[in-house]
Amino acid sequence: MLRAGAARVDITPSPGEAIPGQWLERRAVGVRDALFATALVLESEGRRAGLVSCDVLSLRNRTVHRVRAEADSRLGIPPERLLLHGTHTHTGPPLSDALGTAIDEAWVLRVGDAIAQALHAAAAALQPASIAWHSLLALGLAFPRRYHFVDGSVRMHPAGDDPGLLRPEGVPDEGLTAMGVFGESGAPIALVASFACHPVCIGSAVEYSADYPGALREGLWALWGKEAQVLYLNGFSADVGPDDVDDSRCGYGEEGLRYLGSELAARVTPGLRQARKAPEVVIEGSLVRTPLEVRQPTAEALESARRALPGDLAEIPQDVELLKARELLLLEREVQEQPVIDAEITLLRIGDGLIVGWPGEIFSAYGRRIRRLSPLRHTMPVALANGCHGYVPTPEAFGGGGYETWLCRSSKLEPRAGDKLLLATRDAMAAMRQRL
């Protein structure tokens, strides 16, 4: 018999704190909507699994290690059956020290505490439950954000009337997958939804917000009741966003945020209501470690960076070109300490569904490939799962260049990193298929 429990903890900072997610530092002047760490704990046949969705740009790798140890020793949830996810809102608390924003160590600890608290509360609320899965295509809600221009460059977020605009690069992964967890009365304990789209509807704002995942949460609460805990797991969305250059409904600002969130909630609900609920499910998890090389800055690039920034790197410049120089010099130190990263792939099977987590910002092509390879009917490719090692573009994207490929601490992996992760995922899913 399946048991499930869910809980959320508020992690909204007060105004005045930094907001990561843009090149230059921002300070919050207010709060648009609350931020949460939301946890779901499942138990079946003596096996426990945990999911956490956190309204942050990304989770620190050390936070993942700390929460894993706590969940394993005190809750009986081993690392291979625990997935910790940052939704990638660009208007969340200061957990990232990339580009022009300084990390706030107090907030790193506070968010880790909140995740642990949510997991403990979810485990304490375990009750008999059943699960339903539903998958569909959500067309017209996510769009390429990288475009080729007539001058040979690749840039993101173009204006639709730019005379140099040539064609988009890439195709969105438009799969929308949801899992409903229901109590004996039929009321939802938790609703888990996964889609691939960059949460930047109001990404340049100076108010804290969960962006469209928060609007999705509000939409699901309106349709199902606020007693349900909502976990959003963002898919492989590094090269796709909400902006359609040909349709003003989809894009940036309040209108785009409300439209995307409400549409996702409305589209997934009918099928989830009608889906078969299973009171007994198999829970299975595995971790696959894949070594990935870190790209090294050239001697010429480092010399140029040193000329631009000859002083102490502790001070964060508020100039884009100087930030690029600082990133190269900081990356040089990282490469010396760790030239190869052991990236962890998480595969978590819950009944008829499979969650595949990669620790980075992943291009959407890999999400589509994972769905095709999956041995299970319902599959969630989840980015920024159990930490982050930066962007993972396709090898082809490096040919065109652009922001996501620029060498820095948030884009440092070898061009074949995504293909290596996909091969390891394919092998792990093939082994799972043999056990079905």
Check: When DSSP beta bridges are limited to those with both residues in segment 328-398, what percentage is antiparallel, rounded to the nearest 5?
Finding: 40
Notebook entry, point to check: Hey, any idea what % of the chain's accessible area is carbon plus sulfur with a 1.4 Å probe?
Noted result: 50
Next item on the list: Consider a paramagnetic label point 7 Å from the Cα of W23 along Cα→Cβ; state which residues of segment 312-355 have an amide N under 18 Å from it.
Entry: 316-329
Checklist line | Rounded to 5, percent antiparallel among DSSP beta bridges of the chain | finding: 75
Note to self: Need the full-extension length gain, Q434 to E207, defined as separation in residues times 0.36 nm minus the C-alpha distance. One decimal, nm.
What the structure shows: 76.8 nm
Checklist line | From phi via Karplus (6.51, -1.76, 1.60), per-residue ³J(HN,Hα) for segment 231-244 in Hz, x at Gly/Pro | finding: 10, 9, 10, 6, x, 7, 10, 4, 10, 10, x, x, 8, 9
Item checked: Reach of K226 by Cα under 22 Å, taken over lysines that are not fewer than 8 positions away in the same chain -> K277
Check: Where a Cα-Cα gap under 17 Å defines reach, which aspartates and glutamates qualify for K324, not counting those fewer than 8 residues away within the same chain?
Finding: E25, D97, E300, E303, D312, E315, E332, E334, E404
Check: How many nm is it between the label spots at W406 and E105, if each spot is 7 Å from the Cα in line with the beta carbon?
Finding: 2.9
Next item on the list: Before anything else, pin down the relative contact order of the chain: Cα pairs under 8 Å, at least 6 apart, normalised by residue count, whole percent.
Entry: 18
Next item on the list: Note down the Stokes-Einstein diffusion coefficient of segment 335-422 in µm²/s, whole number, using a Kirkwood radius over alpha carbon pairs, 10 °C, and 1.306 mPa s.
Entry: 116
Item checked: Computed [θ] at 222 nm, helices only, for the chain once each DSSP H run of length n ≥ 4 contributes -39500 (n - 2.57) -> -9500 deg cm²/dmol
Notebook entry, point to check: Of the listed peptides 304-312, 268-276, 236-244, what is their order by residue-averaged count of other C-beta atoms within 10 Å, with the highest listed first?
Noted result: 236-244, 268-276, 304-312
Check: When the chain is modelled as a GNM with alpha-carbon springs shorter than 10 Å, which of E105, E207, E43 fluctuates the most?
Finding: E105
Notebook entry, point to check: Mind checking which of I202, I341, I131 has the largest fluctuation in a GNM of the chain, springs on alpha carbons under 10 Å?
Noted result: I341
Checklist line | segment 376-428, relative contact order [Cα under 8 Å, separation at least 6], % | finding: 36
Notebook entry, point to check: GNM, the chain, Cα, under 10 Å: largest mean-square fluctuation among A71, A299, A129?
Noted result: A299
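So for each of 77-84, 166-173 I average, over its residues, the number of other beta carbons within 10 Å; can you give me the resulting order with the highest mean first?
Going from most to least packed, we get 77-84, 166-173.
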Note to self: Please compute the contact order of segment 1-120 in relative form: average sequence separation of alpha-carbon pairs under 8 Å and at least six residues apart, divided by the residue count, as a percent.
What the structure shows: 33
Item checked: Distant-in-sequence amide H partners of V230 (H built 1.01 Å from N, under 5 Å) -> L191
Margin query: Need the full-extension length gain, Q338 to R3, defined as separation in residues times 0.36 nm minus the C-alpha distance. One decimal, nm.
Written below: 116.5 nm
Check: Tell me, what is the per residue accessible area of the chain in Å², probe radius 1.4 Å?
Finding: 39
Notebook entry, point to check: Which residues does a label at L423 reach in segment 372-408, if reach means a backbone N under 20 Å from a point 7 Å past the Cα toward the Cβ?
Noted result: 372-374, 392-399
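What is the ratio of the Cα radius of gyration of the chain to 2.2 N^0.38 Å, where N is its residue count, to two decimals? Kindly include the intermediate steps, with their values, before the conclusion.
Numbers: Rg = 20.8 Å, N = 436, 2.2 N^0.38 = 22.2 Å.
Ratio of Rg to 2.2 N^0.38 Å for the chain: 0.94.
The values are calculated or read from the model by the stated rules, or taken from the named source; none is laboratory data. Keep in mind it's a predicted model, so treat the numbers as computed, not measured. Virtual Cβ from ideal backbone geometry, glycine too; neighbours counted across all protein chains shown. All accessible areas refer to the heavy atoms of the entire protein, side chains included, with ligands and DNA or RNA removed. Shrake-Rupley method; radii C 1.70, N 1.55, O 1.52, S 1.80 Å.
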